[in-house]
Amino acid sequence: MTSSVRSATVRFGPTVALDDITVEVPGGSVVAVVGGDGAGKSTLLRALAGEVPLDAGTVEAPPRQRLGYLPASSGSWAALTVTQNIDFVAGIYGLAGEELTARRTELLDRASLTPAANRLAAQLSGGMRRKLGFVMAIVHRPALLILDEPSTGIDPVSRIDLWRLASEAAASGAAVLMSTTYLDEAERAAYLIVLDSGRVLVQGSYDQVRAGFTGLVTRADQPVRAEWTWRRGRALREYWPGSDPPPGATAVAPDLEDIVIALSLVRRQTVPS
Amino acid sequence: MTGVLLRAGHVTRRFGGFTAVDDVSMQVLPGEVVGLLGANGAGKTTLIRMLLGLIAVTSGRVDLLGGPPDRERRRRLGYVPQGLGLYGDLTVRENLSFSARAYDIAEPALPATLTGHAGVLVRELPLGAQRQVAFLAALTHSPDVLVLDEPTSGVDALGRVALWDTIRAQAERGAGVLVTTHNMQEAQQCDRLLLMSDGRLVAQGSEADIIGSTTAVAVRTGDWAQAFAALNAAGAPVMLAGRSIRVANADPAELAGVLKAARIEASLQPVPATIEERMLMLARGTEVP
């Protein structure tokens, strides 16, 4: 089944956290929401999870017991062991006995947490704690899995573990919506949504986003217009939204980072912030 | 500024029976941005704490600006920790006054993006603005060496551009910059990379040097979910990349066998590995560092 928010607007006092956003999360795929601090990622996820009421628009999501949600904060109880954390959450969903033991064993193994089963959550590394949160969110086989920045601040090896776990959930039919601040991670998703100040900057598959991008990005050894120029390593890039670049400029194939920067610059110059 | 700014020579640090940093030699020169990579527990933080003079070496030698990292030399150092090191209960202005007094310099002028926030408590600022304040506090005394821990974590694309402009400007005026990062895009902004694993320096140089002989295979198939499940069950280090599947350091023939047994049609293609895949291989112990 497909979960969605349509024409969703959420205000916190004078702040518009989400501004007329439509997002679909089909079963069997990983959808990534990407954006910086304050872009509206968490609000979008919480709206879909039913944790934040909409000021306008509609939400379609499975009932609570078919929903798994990993919040941006820890998502586990520090004073309980890994096993106690999982069993507690599983109990809420009515999982017990041999069925629970089998499910817990399977998930601990897949998350490479088996050696830490009896450790207190407080004694886990950041990456292990996120994986425990993930296991707790998925223990009841939810139809919609919502993960709020599961990989922020954790090392690449744990990130790959988390991606494998999310991919497994999607491969077995769940709709997975995860937020991230890493654009290279969003490239990996079947569908990506870039948020900027509560609005969708661009969305689609990575191929669609690249195909829909207009204008030219050039290598700018001598940038002509500073306001359209940015740095990638030691080199500079310049964006030409409509007009042609000067003769002799070398066009580059923009990656997602270039595309997002170029579109953000367009937005800054058309919408006063 | 000439000469080596930051140098570790055969540095080892043990905590009891545990060797956190094992015979590491590295250096940072003026004008370069060096990226320090490694999984959690690889020894990055211990190495940095020794370079900064916060903990002692068990053996080997650390030089900051040509000598031991004492108080006088540390005045010429700028450090932005991942937690930013600001006082949340003080305002932007108070935080900057404090660091200016500590370095005995004049208080910095606020950039246009922060002028409206001078009297705001730091903990009430958005993360991007907090990062700007932390950079300002660490840079106003024009340090010769700059150490940054995950400098652009949680910042949007334009915010990253602005922070990297600042970092580059420091390198261009001659400072040496050491950046620890988990973000592969951030790694690509560096001039040179160092990769640590299990306390040792296992690779250094360009992205290609870091990836070394690690390879990957892209699996393209109409039914990625089944292919993913089959390869995962066979214990292969699988990752999803869009609708295709990547497997690091795999033998294409072996993967083809697994897929054939599961009756899945797929095309297999060798592709360049990523830095992350090299790190995954190191962590899995399939490669002896």
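So here's what we get for this one:
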{"item": "Considering residues of region B:138-156 that are out of contact with any strand residue (DSSP E or B) (no Cβ under 8 Å at 6 or more places or on another chain) and modelled with pLDDT of 85 or more only, the residue farthest from B:Leu47 (Cα to Cα)", "result": "B:Thr140"}
{"item": "Matching residues, region A:179-224, being among the basic types (Lys, Arg), outside any strand (DSSP E or B) and over 30 Å from A:Pro246 (Cα atoms)", "result": "A:Arg188"}
{"item": "Residue match in region A:165-175 (condition: modelled with pLDDT under 85 and under 25 Å from B:Leu37 (Cα atoms))", "result": "no"}
{"item": "Search result, residues across region B:157-183 that are touching a Pro at 6+ places or on another chain (Cβ under 7 Å) and farther than 16 Å from A:Trp230 by Cβ", "result": "B:Gly174, B:Ala175, B:Gly176, B:Val179, B:His182"}
{"item": "Positions within region A:19-58 being in contact with a Lys or Arg (Cβ under 8 Å, 6 or more places away or on another chain), part of a strand (DSSP E or B) and over 16 Å from A:Ala186 (Cα atoms), in sequence order", "result": "A:Asp19, A:Asp20, A:Ile21, A:Thr22, A:Gly57, A:Thr58"}
{"item": "Matching entry among B:Arg220, B:Arg246 (being surrounded by fewer than 19 Cβ atoms within 10 Å (Cβ to Cβ) and either outside any strand (DSSP E or B) or not polar (S, T, N, Q) (or both))", "result": "B:Arg220"}
{"item": "Region A:203-219, subset within 13 Å of another protein chain (Cβ to nearest Cβ) and under 24 Å from A:Ala249 (Cβ atoms), residue most open to solvent (accessible area, probe 1.4 Å)", "result": "A:Arg210"}
{"item": "Pairs where the first residue, in region A:187-198, is closer than 18 Å to A:Pro254 by Cα and facing chain B (nearest Cβ under 7 Å) and the second is open to solvent by 10 Å² or more (accessible area, probe 1.4 Å) and at pLDDT below 90, C-beta under 6 Å, 6+ apart", "result": "A:Arg188/B:Ala241"}
{"item": "Condition met for A:Glu257 (part of a strand (DSSP E or B), in contact with a strand residue (DSSP E or B) (Cβ under 9 Å, 6 or more places away or on another chain), open to solvent by less than 20 Å² (accessible area, probe 1.4 Å) and charged (D, E, K, R))", "result": "no"}
{"item": "Members of region A:91-127 found to be open to solvent by 60 Å² or more (accessible area, probe 1.4 Å), more than 14 Å from chain B (Cβ to nearest Cβ) and of a type in the set (Lys, Arg), listed by number", "result": "A:Arg119"}
{"item": "Which listed residue is within 12 Å of chain A (Cβ to nearest Cβ) and open to solvent by less than 20 Å² (accessible area, probe 1.4 Å), from B:Ala241, B:Ala236", "result": "B:Ala236"}
{"item": "Boolean, B:Arg192 is charged (D, E, K, R), farther than 30 Å from B:Asp22 by Cα and open to solvent by 20 Å² or more (accessible area, probe 1.4 Å)", "result": "no"}
{"item": "Residues located in region B:157-176, provided they are touching a strand residue (DSSP E or B) at 6+ places or on another chain (Cβ under 8 Å), small (Gly, Ala, Ser) and either within 10 Å of another protein chain (Cβ to nearest Cβ) or open to solvent by 20 Å² or more (accessible area, probe 1.4 Å) (or both)", "result": "B:Ala171"}
{"item": "Filter result (aliphatic (A, V, I, L, M), open to solvent by 10 Å² or more (accessible area, probe 1.4 Å) and in contact (Cβ under 8 Å) with a residue 60 or more places away in the chain) within region B:205-217", "result": "B:Ile211"}
{"item": "Selection within region A:234-243 - within 18 Å of B:Gln189 (Cβ to Cβ) and surrounded by 13 or more Cβ atoms within 10 Å (Cβ to Cβ)", "result": "A:Leu236, A:Arg237, A:Glu238"}
{"item": "Elements of type strands (runs of 3 or more DSSP E) in region B:148-210, at least 1 residues being over 30 Å from B:Val271 (Cα atoms) and of a type in the set (A, V, I, L, M)", "result": "B:176-180"}
{"item": "Qualifying residue in region A:83-90 (condition: assigned to a loop (DSSP other than H, G, I, E, B) and open to solvent by less than 20 Å² (accessible area, probe 1.4 Å))", "result": "no"}
{"item": "Filter result for A:Tyr69 (touching a strand residue (DSSP E or B) at 6+ places or on another chain (Cβ under 9 Å) and either open to solvent by 20 Å² or more (accessible area, probe 1.4 Å) or without any contact (Cβ under 8 Å) to a residue 24 or more places away in the chain (or both))", "result": "yes"}
{"item": "Complete set of residues in region A:162-180 that are hydroxyl-bearing (Ser, Thr, Tyr), open to solvent by 10 Å² or more (accessible area, probe 1.4 Å) and either under 22 Å from A:Met128 (Cβ atoms) or more than 8 Å from chain B (Cβ to nearest Cβ) (or both)", "result": "none"}
{"item": "Residues located in region A:143-161, provided they are open to solvent by 10 Å² or more (accessible area, probe 1.4 Å) and more than 8 Å from chain B (Cβ to nearest Cβ)", "result": "A:Ala143, A:Glu149, A:Asp161"}
{"item": "Answer from A:Pro142, A:Pro156 - the residue that is in contact (Cβ under 8 Å) with a residue 40 or more places away in the chain and under 18 Å from the mean Cα position of the chain (by Cα)", "result": "A:Pro142"}
{"item": "Listing of helices (runs of 4 or more DSSP H) fully contained in region B:1-109 that carry 1 or more residues being more than 30 Å from A:Arg159 (Cβ to Cβ) and touching a Lys or Arg at 6+ places or on another chain (Cβ under 8 Å)", "result": "B:92-103"}
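For (1) surrounded by 23 or more Cβ atoms within 10 Å (Cβ to Cβ); (2) more than 9 Å from chain A (Cβ to nearest Cβ), each residue gets a yes or a no:
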| position | (1), (2) |
| --- | --- |
| B:Leu114 | no, yes |
| B:Leu125 | no, yes |
| B:Gly128 | no, no |
| B:Leu178 | yes, yes |
| B:Gln185 | no, no |
| B:Gln188 | no, no |
| B:Ala203 | no, yes |
| B:Trp224 | yes, no |
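The values are calculated or read from the model by the stated rules, or taken from the named source; none is laboratory data. All of these numbers come straight from a predicted model, not from anything done at the bench. All Cβ positions, even for glycine, are placed from backbone atoms using ideal geometry, and neighbour counts span all protein chains on display. Only protein heavy atoms, including side chains, enter the accessible area calculation; ligands, DNA and RNA are left aside. Shrake-Rupley method; radii C 1.70, N 1.55, O 1.52, S 1.80 Å.
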